[in-house]
Every structure is written in structure tokens, then in C-alpha cells.
There are 2 protein chains.
Amino acid sequence: MYQLLNGLSVIEASSFVASPTAGLYCAQFGAEVIRVDQVGGGPDYRRWPVTAENNSLYWENLNRAKKSVALNLGVPEGRELLKELVRATGQFITNFPAEGFLSHAKLSEGRSDLVTVRVMGWADGAPALDYTVNNAVGYPMLTGPGPEPVNHVLPAWDLLSGAYAAFALLAAIQRRAVTGEGSEVRIPLSDVAIGTVANLGGIAEVLYSGENRPRLGNAVYGLFGRDFVTADGQRTMIVVVTHRQWANLIAALDLGDRIAAIEAARGVSFAADDGLRYTHRDALYPLFESAIGARPHADLAAALDGAGIVHSAYRTMQDAAQDSRLVGGNPMFSAFDANPSGFAYPAAGAFGTIPQQERGAPQPAPRNGQHSEEVLTSRLNLSSGEFARLIDTGIVGTDR
Amino acid sequence: MYQLLNGLSVIEASSFVASPTAGLYCAQFGAEVIRVDQVGGGPDYRRWPVTAENNSLYWENLNRAKKSVALNLGVPEGRELLKELVRATGQFITNFPAEGFLSHAKLSEGRSDLVTVRVMGWADGAPALDYTVNNAVGYPMLTGPGPEPVNHVLPAWDLLSGAYAAFALLAAIQRRAVTGEGSEVRIPLSDVAIGTVANLGGIAEVLYSGENRPRLGNAVYGLFGRDFVTADGQRTMIVVVTHRQWANLIAALDLGDRIAAIEAARGVSFAADDGLRYTHRDALYPLFESAIGARPHADLAAALDGAGIVHSAYRTMQDAAQDSRLVGGNPMFSAFDANPSGFAYPAAGAFGTIPQQERGAPQPAPRNGQHSEEVLTSRLNLSSGEFARLIDTGIVGTDR
């Protein structure tokens, strides 16, 4: 928890990855983020990975540092309470349908300066998920050795959409501070995906070339970068992005003469041209395969570190979780035993580090309805009798 | 271009993907983003894909709607001009080293309320790239059919870091508006990657189970989702995230009786449990393979659309670029012929859609140094004589 967004309160009605990460990033920067869910939990409340008691390790990490209000959204009175909470707060993150009971137009009645950020599937309202927009824009056909398409495992489009939604929320609030006007920013996964293809030059590339990019396995397009296997069988990624790194890599592997011979034979110089190192990869890769294949990994890694070359062995997630640089000794993580699951493990805070501030301790995810009473009675000025009636009728749930 | 961040000016000294996308997203929301590069272009200026004339289609899309100032950063006077521009502006996005001439401490001398957002490799300053942090946290070992690791092609960590950097910039500006204090937010790719593993429950999962997640090919962990091949050979992804979708999918494929038989034999009910649909995939997948394998894709797609099932055929990027829903008929794109490369193609605007605002036209990327005179003379109050001297001495470059 850092203190950048203190004083900002956001209602989040959402599920799965994209929209909840937008709320998470705000909460980890000090905003009050109130997640509103169906009594008993939304559609993501038991999503895997889960413990033996069916507590979701996924949910309890994507919703850290948030408050939870539980409402029966299947009945009009529950839906009305959510709408009132949004209006009383003024900032709203959601992935509910654009034209449903949480439409910006309906919510804006009585709160004209409302800021809504809405993550969607397709821009036209049709459903889509990370794994389907990924197919639609072409990445799986470029991934892996081929010929079959390979899906990413990381839900990259959800994550990018979530971070962009957090950005869009603050941008719309910034505009409101100047103009007094509210607005809705709709963020369709499909537009994030195809827009990113465009931003990286992919639309221009395929239209210019009239072809698809070749499938490269673990090699990187347009520069020198690939996986290689050391003498002791460790597969390692090496990527060269500066001309100095190229010179240092050749020196570290003692390949100067053999590279010069290729340059002479082909009439090129690799010294200052990423693209040539890529187009002549048929000649370059074998040299590096044999030079790297002759050295044990520890020896190679020391040489590459000394030369400022960017490299990394492939590791499992289990390896990563045990790694002190990534987790155990990383100030972003803290030992944490207050998780709703009861399982104790290192908890992550905000991705950013602010040297001028103390990094506060991570916070737990809430239990479903844990903050219903606090939030509803204070923000909507409900009396204790009125709150008791909502509990008795099942309109509101708590964790007790 | 939308008008959310009008009045905000940002200096960006950066290269490659992460840090430039942070500037791009701000520019597409109406901020003035001034990218400062080495005269002749930074290390990413010719990055592939490129045209026959070696103009980068990558650079001209990642830097749309920005201004360009070209300085000789190899000499003290050029570096000093960049520092003065940062101080005169007050907001700075960079991926230059944390302890170099663009350290926040040095830049803050004379501008104590400076906001710096810095994308880094490792948090300790060691170099890292998207493709190496990806290996370090374990995703390639979970991707594809195995046994070899498979890299993602999308630079997902760069992109997530870039969007998070844009969010962090606005959050730090928000805090400054309240407290008057500047700050630096450091965003290491390594922390974005391992923090995301944690946010998705991955750290908890491997520590709880003591194992790595099984490698699933194109199947989705913890729910019913996989690729299937239709009678006419079209590979298609189908993912079920709600109980209603599950019921509808079974009905659309007429699998009710056979699913019920599995439920009876195994003593489970799939109706309201994502996890069971995953743990019993050995029995479920063959049923769907044969039902889907018996239908042509057009027939299947119509049935799935009618039932609200989320699905997508695998397509190439060339297919995507030609698709009217994604590009040609998508309001996010506009035909555009003012690119520095001279090649005309649809240009993307902001990912977000704001129904209350007009979506302005996309803007071109600048030519190297195109705005050197405008920016340096106005923001640093340089006289025309002084500016001419800087041109003559090669400290400043322009596009003329």
C-alpha cells in the first residue's frame, strides 16, 4: 500500500481478471475500493486455484485491500442499492453489460458528474474473453514451433485492459476536475487486442508485406534473441538490444573471427544493425549454439553478467516462488497470514516502488459482505433498523 | 485522440515498448507528450518491422501523437538541455537508468515537485527484458504442448508495465495536487511479472500444492475451455465462464444425456461447478471433440452465437487486419496516409471509447527532431540565435 490516491473512493462491480485488477491497482495506491458482489460471491468467487476447502487463491489475491459489500442483485431492491452506492460515490469500475441496469445513462440520473470505466468483450457488447480475442487477432498462429496454434497461459489482454482501465479512470477524473463533467470510458478487450497489434506495427506490417510474419519458435523477430542450451542442458534466453551488447556478447563467447568471416562472406556488418543480425540468423544461430553448448550454465551466466548481456534461464513457477531475488528478499512481498483461505504465503503489494515513501504492509482480501454494514450505513445513511431489515430479507449479506 | 488530459505536458525519454506505450496512452487521451531522442533516433528508431526504405512501422505506431525533440545526449550540453526540459515541464516518463544523469534526485534539484515514472528491468537496476523476466517467472514452462518451453510473442510484460506506468503517472500527479510533493515511481518489469503471478494466485498455488500446475496445451486451467476442430478443419476456442453458458453449450451440442451419464457414473454435478468441469476433463473433452468434429464451422458458430457461448476461430494476423469488425469497420481505426514511412494504412486511436465525446482523428508519429525548435524556444525561452548555435554545433537536431 502506497499513499497516492488517498481520498479517492471507487465502487467496483466486476469479476474475473481485467476489471478486478483495475480496482486492485487503485487499492494498492491507497484508494478505498469497495467491491460489490452477489451475496455468497460472484461468478469468480471460487475460481481456481482453490484450497482443499474450496477457497480461491485467485480471488483472495486479485481483491486484496478492497472492501466487500454483498447484495442480492437478483432482486430490484438489491440492484437499486448498488446504483445508489455508485451515485453516492461518483467513481465506478465494472464489467457489467453497457446497456443493463448499470448503464452509465441510468447511473448518471442524479449524478451527472459520474465517472464510469467499463471493461467489455467486444465493443458492440457481444461476449468475448481474453482467450477468444487472442485467437481473433492472430497471436497463437505466431507462437511456438508450429504448425498448431499455441495459446498464451498468461491472460495478457485481461491484464493490459485492467491496467489501462485504472489509467482511464484517473484520466476521466482529471478531466472532471477541470470541466465538472462526468464520462464513461468503455474498454473492450477486442479493441485493446487489435489496437495493440496496431501499436506494435503489426497491422502495418501485414498490409505492407502482404504476408504473415514467419513463425519463429522462441526466437525474437527483428533482432538477435533466442533460446540456447548450455553444456549441462540448461535452456537459456539471450537477447541483444544494443550494439554494445552485441560487441560484448561476441567477445564473451570468443566468436569475433567467425562472425567476421560471415560478415565478409555476406558483405554485411552486424555491428550496428539489429535487422541484419536477424536476417542472417541462419548463419549466426549455429555459431552461438556450439559456443554456448560448450559451456556449463554457471560459467556462461557469469560471463554474460560481466558483459552486461541480458539473459535468463527458463525456470518453473515453483522455482520462481522459491527465488529470493523475486520473492523472499523482494521488498514488494511480505510474509502474510491473514488471508481468507487461512493459508499463509508471501503477499505482493503495488508493482511500483516509490523511494520517497514507506511501502505499507499488504492487506488481505475481504470476506464476502465483510463491509456491508460499514459502507451501507455510512454512505447511504441507512439506519440500523433499516439495515437489519435488509439483512433479514436477504437483500444484503454480511460475513457473520 | 480524446480530450481527457488536455493541459498535461509530459517529457518522455525512452525506447522500445513499455515506456513509449505509457506516453502513447497519455497522448491519445489529449496530453502533450514530448519524446526526446538522440539526434538521428534512439535505439528503437529502426526496429523491425521496417519498410524497404528502413522506416520502422513499429516506431511510427508506438509514438503517434507525440512531439519529437532531438538532442545529442552524448555530450554534457545535450544532456543538460534534457534535464532543463524535464524541470520546466514537471512530469517525466523514462526507462533511462535510475542512478544515471536522469536520476530523480538530480532532476529534482530545482524542481522539488517533479513526478518521475521510470520503467526498469530488475528492481536493483540490473538489465532485464520482457523475454527474460517471462522466463524467470515460469510462464514458458506452462505454455504449449511441452516438453520444451514456449515464449510468448506478444511482449505482455512490456505492455502491462507501460499501461501501469501511465496509471502511476496520473496517481502521482493526483497526490501532488493534494500535497504539493513530487515523487518517483519505479516500475521494474521483474516486479510487474512476479507481482502478476502473485495477483493471479500463482505464488499461493505452487506453495500450497508443492507442485507446478500441469501443462495444458490450449486448455484453460480450472474451468471448461479448450480448442476443438470442426468437421471442416477449423480450429476454434470455446470457453465457458458461467453456469448458464454451460447449460446452453450442452443443449446446443445435444450432449445432455451423455453428460448426465458421466455425472451419474462419477457422482458429480457439473451444473454449478467450474472446477469439476476441469477435473473431469478426461471424460468431457472426448464428448465435445466428437460433437464439434461432426459439425462444419459455420453451423457450429451460428449455434454458439445463438446460445451466448464465447468462442473464436484461430486466425492469422493477416486475417485480423482484413476483418471489418476488428479494423475496417471499427471506429477505433481511421484510414491514415500521413505516416513518416509514407505507407498508408488504418491507424489506431485510444483503446477506450467515450460515448460522450467525439473520437478525434489519429495523429502521426513525429519525424526525429520535428518539434525541437518549437519546444526548446518556447519551454526553455531560447532565443533564435541561441537555437541556431545549438543546431550548428550538433547539440540539437531537427527534421529539416
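The values are calculated or read from the model by the stated rules, or taken from the named source; none is laboratory data. Just so we're clear, the structure is a prediction, and the values are computed from it rather than from any experiment. Please note: Cβ atoms are built from the backbone with ideal geometry, for glycine as well, and neighbour counts cover all protein chains shown.
Of the residues that sit in segment B:70-94 and are outside any helix (DSSP H, G or I) and more than 18 Å from B:V39 (Cα to Cα), which one is nearest to the chain's Cα centre (by Cα)?
In this case the residue turns out to be B:I93.
Can you tell me which residue in segment B:262-289 is farthest from A:N55 (Cα to Cα), limited to those that are small (G, A, S) and surrounded by 13 or more Cβ atoms within 10 Å (Cβ to Cβ)?
B:A283
Of the residues B:H297, B:H311, which single one is in contact (Cβ under 8 Å) with a residue 40 or more places away in the chain and within 11 Å of chain A (Cβ to nearest Cβ)? Before the answer, list the steps.
Values: B:H297 fails: within 11 Å of chain A (Cβ to nearest Cβ).
The conditions single out B:H311.
Which of the residues that make up segment B:42-66 are touching a Lys or Arg at 6+ places or on another chain (Cβ under 7 Å) and either on the phi > 0 side of the Ramachandran plot or of a type outside the set (A, V, I, L, M, F, W, C) (or both)?
Just the residues of segment B:42-66 that are touching a Lys or Arg at 6+ places or on another chain (Cβ under 7 Å), to begin with: B:54, B:56, B:58-59, B:63, B:66.
Hits for segment B:42-66 are B:N54, B:S56, B:Y58, B:N63, B:K66.
Only one residue in B:A291, B:A303, B:A271, B:A264 is of a type in the set (G, A, S) and closer than 17 Å to B:T242 by Cα. Which one?
Of the residues listed, the single one that is of a type in the set (G, A, S) and closer than 17 Å to B:T242 by Cα is B:A271.
Scan the helices (runs of 4 or more DSSP H) fully inside segment A:132-213 and keep the ones with 3 or more residues being in contact (Cβ under 8 Å) with a residue 24 or more places away in the chain, within 7 Å of chain B (Cβ to nearest Cβ) and under 17 Å from the mean Cα position of the chain (by Cα).
Answer list for segment A:132-213: A:156-179, A:189-199.
Can you tell me which condition A:V10 does not meet? The list is (1) touching a residue at least 12 places away in the same chain (Cβ under 8 Å); (2) assigned to a loop (DSSP other than H, G, I, E, B), and all the others hold.
The number of the failed condition is (2).
Consider A:R118 carefully, then state whether it is of a type in the set (K, R), under 24 Å from A:G182 (Cβ atoms) and at pLDDT 95 or above.
On the way: of a type in the set (K, R): yes; under 24 Å from A:G182 (Cβ atoms): yes; at pLDDT 95 or above: yes.
Taking the combined requirement at face value, the residue satisfies it.
Of all residues in segment B:253-300, count the ones that are within 19 Å of B:N218 (Cα to Cα) and among the hydrophobic types (A, V, I, L, M, F, W, C). Explain how you work it out, then say what you get.
From segment B:253-300, those within 19 Å of B:N218 (Cα to Cα) are B:274-293, B:297; that's our starting set.
Next, only the ones that are among the hydrophobic types (A, V, I, L, M, F, W, C) stay: B:276, B:283-284, B:287-288, B:291-292.
Summing the residues that are within 19 Å of B:N218 (Cα to Cα) and among the hydrophobic types (A, V, I, L, M, F, W, C) in segment B:253-300 gives 7.
Going through segment B:335-388 one residue at a time, which ones are surrounded by fewer than 16 Cβ atoms within 10 Å (Cβ to Cβ) and either in contact with a His (Cβ under 7 Å, 6 or more places away or on another chain) or outside any loop (DSSP other than H, G, I, E, B) (or both)?
If the condition is that a residue be surrounded by fewer than 16 Cβ atoms within 10 Å (Cβ to Cβ) and either in contact with a His (Cβ under 7 Å, 6 or more places away or on another chain) or outside any loop (DSSP other than H, G, I, E, B) (or both), then B:E374, B:T377, B:S378, B:S384, B:G385, B:E386, B:A388 are the ones that fit.
Quick one: would you say B:G125 is within 14 Å of chain A (Cβ to nearest Cβ), within 25 Å of the chain's Cα centre (by Cα), over 21 Å from B:Q370 (Cα atoms) and at pLDDT 95 or above?
no
Quick test for you: out of A:F387, A:F343, pick the one residue that is touching a helix residue (DSSP H, G or I) at 6+ places or on another chain (Cβ under 6 Å) and either closer than 22 Å to A:R64 by Cβ or within 14 Å of chain B (Cβ to nearest Cβ) (or both).
Among A:F387, A:F343, only A:F343 is touching a helix residue (DSSP H, G or I) at 6+ places or on another chain (Cβ under 6 Å) and either closer than 22 Å to A:R64 by Cβ or within 14 Å of chain B (Cβ to nearest Cβ) (or both).
Against the conditions (1) under 23 Å from A:G210 (Cα atoms); (2) of a type in the set (S, T, N, Q); (3) part of a loop (DSSP other than H, G, I, E, B), where does B:Q3 fall short? Just the number, please.
Single failed check for B:Q3: (1).
Collect the residues in segment A:87-122 that are surrounded by 24 or more Cβ atoms within 10 Å (Cβ to Cβ), more than 13 Å from chain B (Cβ to nearest Cβ) and hydrophobic (A, V, I, L, M, F, W, C), keeping them in residue-number order.
Matches in segment A:87-122: A:F92 only.
Please go through segment A:67-82 and give me each residue that is buried (at least 20 other Cβ atoms within 10 Å of the Cβ) and within 23 Å of A:G125 (Cα to Cα), ordered by number.
Those that are buried (at least 20 other Cβ atoms within 10 Å of the Cβ) and within 23 Å of A:G125 (Cα to Cα): A:L73, A:L82.
Among the numbered criteria (1) on the phi < 0 side of the Ramachandran plot; (2) more than 14 Å from every other protein chain (Cβ to nearest Cβ), which single criterion is violated by B:A365?
Of everything listed in (1) on the phi < 0 side of the Ramachandran plot; (2) more than 14 Å from every other protein chain (Cβ to nearest Cβ), B:A365 misses just condition (2).
Conditions (1) under 30 Å from A:A171 (Cβ atoms); (2) among the aromatic types (F, W, Y), marked per residue:
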residue	(1), (2)
B:A348	yes, no
B:F351	yes, yes
B:P362	yes, no
B:L390	no, no
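Would you call A:Y221 facing chain B (nearest Cβ under 8 Å), surrounded by fewer than 24 Cβ atoms within 10 Å (Cβ to Cβ), without any contact (Cβ under 8 Å) to a residue 60 or more places away in the chain and in contact with a Ser or Thr (Cβ under 8 Å, 6 or more places away or on another chain)? If you could, list the steps in order and put the result at the bottom.
Working: facing chain B (nearest Cβ under 8 Å): yes; surrounded by fewer than 24 Cβ atoms within 10 Å (Cβ to Cβ): yes; without any contact (Cβ under 8 Å) to a residue 60 or more places away in the chain: yes; in contact with a Ser or Thr (Cβ under 8 Å, 6 or more places away or on another chain): no.
Considered against the rule, which asks whether it is facing chain B (nearest Cβ under 8 Å), surrounded by fewer than 24 Cβ atoms within 10 Å (Cβ to Cβ), without any contact (Cβ under 8 Å) to a residue 60 or more places away in the chain and in contact with a Ser or Thr (Cβ under 8 Å, 6 or more places away or on another chain), A:Y221 comes out as no.
Can you report the number of residues in segment A:113-131 which are in a strand (DSSP E or B) and within 18 Å of A:S190 (Cβ to Cβ)?
Counting residues in segment A:113-131 that are in a strand (DSSP E or B) and within 18 Å of A:S190 (Cβ to Cβ) gives 4.
Taking the conditions exactly as written (out of contact with any Phe, Trp or Tyr (no Cβ under 8 Å at 6 or more places or on another chain) and either assigned to a loop (DSSP other than H, G, I, E, B) or modelled with pLDDT under 95 (or both)), does A:Q318 satisfy them or not?
So A:Q318 does not fit the description; no.
Criterion first (of a type in the set (G, A, S), farther than 27 Å from A:A126 by Cα and not in a helix (DSSP H, G or I)) does B:S312 satisfy it?
No: the conditions fail for B:S312.
Yes/no matrix, rows are residues, columns are (1) in contact with a strand residue (DSSP E or B) (Cβ under 6 Å, 6 or more places away or on another chain); (2) farther than 15 Å from A:N95 by Cβ:
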site: A:A126; (1), (2): no, no
site: A:N134; (1), (2): no, yes
site: A:G144; (1), (2): no, yes
site: A:G162; (1), (2): no, no
site: A:P188; (1), (2): yes, no
site: A:E205; (1), (2): no, yes
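Can you tell me which residue in segment A:228-244 is surrounded by the most Cβ atoms within 10 Å (Cβ to Cβ), limited to those that are at the interface with chain B (Cβ under 7 Å from one of its Cβ atoms) and at pLDDT 95 or above?
Residue satisfying both the conditions and the ranking: A:M237.
Need pairs with beta-carbon distance below 6 Å; first residue more than 19 Å from A:F16 (Cβ to Cβ) and part of a loop (DSSP other than H, G, I, E, B) and within segment B:234-259, second at pLDDT 95 or above and not aliphatic (A, V, I, L, M); sequence gap 6+ or separate chains.
B:Q234/B:H297
I'm trying to understand the selection: among the residues of segment A:47-62, which are touching an Asp or Glu at 6+ places or on another chain (Cβ under 9 Å) and outside any strand (DSSP E or B)?
A:R47, A:W48, A:P49, A:L57, A:Y58, A:W59, A:L62
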